[in-house]
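The values are calculated or read from the model by the stated rules, or taken from the named source; none is laboratory data. Everything quoted here is computed from the prediction, not taken from an experiment. All Cβ positions, glycine included, derive from the backbone under ideal geometry; neighbour counts span all protein chains shown. Heavy atoms of the whole protein, side chains included, go into the accessibility calculation; ligands, DNA and RNA do not. Shrake-Rupley method; radii C 1.70, N 1.55, O 1.52, S 1.80 Å.
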Amino acid sequence: MLEISTEEKLKERIKELSCLYDISKMISGNVTCSEAILKEICSIVKVAWRFNEASIVELNLNDFYFCTSELPKDSNFQASPVFIFEKESGFIKVHYPSENTTYFLDEEQKLLDKVALEISGFVEKNSIKEKEKQLQRSVERIDRLSILGEITAGIAHELNTPLGNILGFAELINEQNIDRQVSQDVSKIINAAIYSREIVKKLMFFACEMPQNMEVVSIKPIIVEALSLLGPNFRKAHVSYELIFDNPDLKAQIDNIQLTQVLFNILINSIYVAPKNSLITVKVISDPENFFIEIADQGSGIPEEIKSKIFEPFFTTKPIGEGSGLGLSVVHGIIKSHKGDIIAIDNQPTGTIFQIRLPLNS
């Protein structure tokens, strides 16, 4: 290694301390880890090296990659790995062109190691904060749904009796009536009462007020039957489906009727958004404790800004009269009562995948 003077050593030491100070100051002043901050860190590191005019800093971190200038075909470099939660997730390197025969300093390697640690800490801290925000949003959402569940349960019970009376008396009038116009009007009342009763049933499903009959049953026949019953819907929409099972003999402790309700609601939504001649894929996989149902369509997908709202009651993107906004909230309530969970993720290249997790034994 080349000898350097005491004065030069002092200058290099000052640059190293300034580098760490500038990085620490910038990180502490920012609450989010952005590409701009990572690029600025690279620029700060470049200045700290002995021959900074020739140095090139390269940072590779997960999906992020940046170089302060174009790398030559051949170079000499120092490198430090970047660990995120004890997993190696990238590296930071400082290059000199290969024709530059200047040696790196030991102190520069130590500095690079410290910079790698600073980057690790910064990314981990922001990752933890983001997870805390997501958890807080999830808790708030669960609280809202719990309150709504109590409210809707009360509404459902209050509406059941008058709806039953309306339907019963309307049918009685229809049986004794001989006037054609009155018969048509009563039929409208009966249809409206039946529709309202279905809404009440969905409200009770959402509030988990429907009694459950948990039994160990085969899963495949339930899904096959649901797909078969929806055959006319698929044909009318000119949409096909594919069923994939990793274990055709899979059994789980569930409520057969409620699982069918879940499948119906999601599949009907998938058919509604699916373009003509597209494919809806239903995939079932399992592990020792859970089984997963994935229903993937090739529609336009769910915008990011409304993903957090789709399981809320009365939220719908369908035109007025085409949806009550209760379908997915019913799904959420049933799956929650089975101690499972459901998420909506983007399908590739287009569409949505509803992924359901249910325990094999509740």
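The table that follows gives values for the structure above.
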read-out	value
Among the candidates ALA170, ALA226, residue that is among the small types (Gly, Ala, Ser), part of a helix (DSSP H, G or I), farther than 24 Å from LYS251 by Cβ and at pLDDT below 90	ALA170
Residue list for the range 230-254, filter: assigned to a helix (DSSP H, G or I) and either touching a residue at least 12 places away in the same chain (Cβ under 8 Å) or within 12 Å of VAL282 (Cβ to Cβ) (or both)	ASN233, PHE234, ALA237
Filter pass, SER308 being open to solvent by less than 30 Å² (accessible area, probe 1.4 Å), polar (S, T, N, Q) and modelled with pLDDT under 90	no
Subset of the range 345-361 [within 16 Å of the chain's Cα centre (by Cα), buried (at least 19 other Cβ atoms within 10 Å of the Cβ) and assigned to a strand (DSSP E or B)]	THR352, PHE354, ILE356
Residue identified as touching a residue at least 12 places away in the same chain (Cβ under 8 Å), part of a loop (DSSP other than H, G, I, E, B) and in contact with a helix residue (DSSP H, G or I) (Cβ under 6 Å, 6 or more places away or on another chain) among CYS19, CYS33	CYS33
Residue check for PHE315: among the aromatic types (Phe, Trp, Tyr), in the same structural domain as LEU227 (by the TED database), over 18 Å from LEU358 (Cα atoms) and at pLDDT below 90	yes
Some residue of the range 19-35 being loosely packed, with under 15 Cβ neighbours inside 10 Å, assigned by the TED database to the domain that holds VAL123 and more than 36 Å from the chain's Cα centre (by Cα)	yes
Qualifying residue in the range 121-135 (condition: among the polar types (S, T, N, Q) and at pLDDT 90 or above)	no
In the range 286-305, residue surrounded by the most Cβ atoms within 10 Å (Cβ to Cβ) [restricted to those that are of a type in the set (A, V, I, L, M, F, W, C) and closer than 16 Å to ILE222 by Cβ]	ILE293
Options ILE257, ILE266, ILE271; residue that is open to solvent by less than 10 Å² (accessible area, probe 1.4 Å) and either closer than 24 Å to SER329 by Cα or in contact (Cβ under 8 Å) with a residue 60 or more places away in the chain (or both)	ILE266
The range 46-60 residues that are within 15 Å of ILE23 (Cβ to Cβ), paired with ones that are assigned to a loop (DSSP other than H, G, I, E, B) (beta carbon under 7 Å, 6 or more apart)	LYS46/ASN52; LYS46/SER55; LYS46/THR68; TRP49/SER55; VAL57/THR68
Exclusive hit being assigned to a helix (DSSP H, G or I) and either at positive phi or at pLDDT 90 or above (or both), set SER270, SER329	SER270
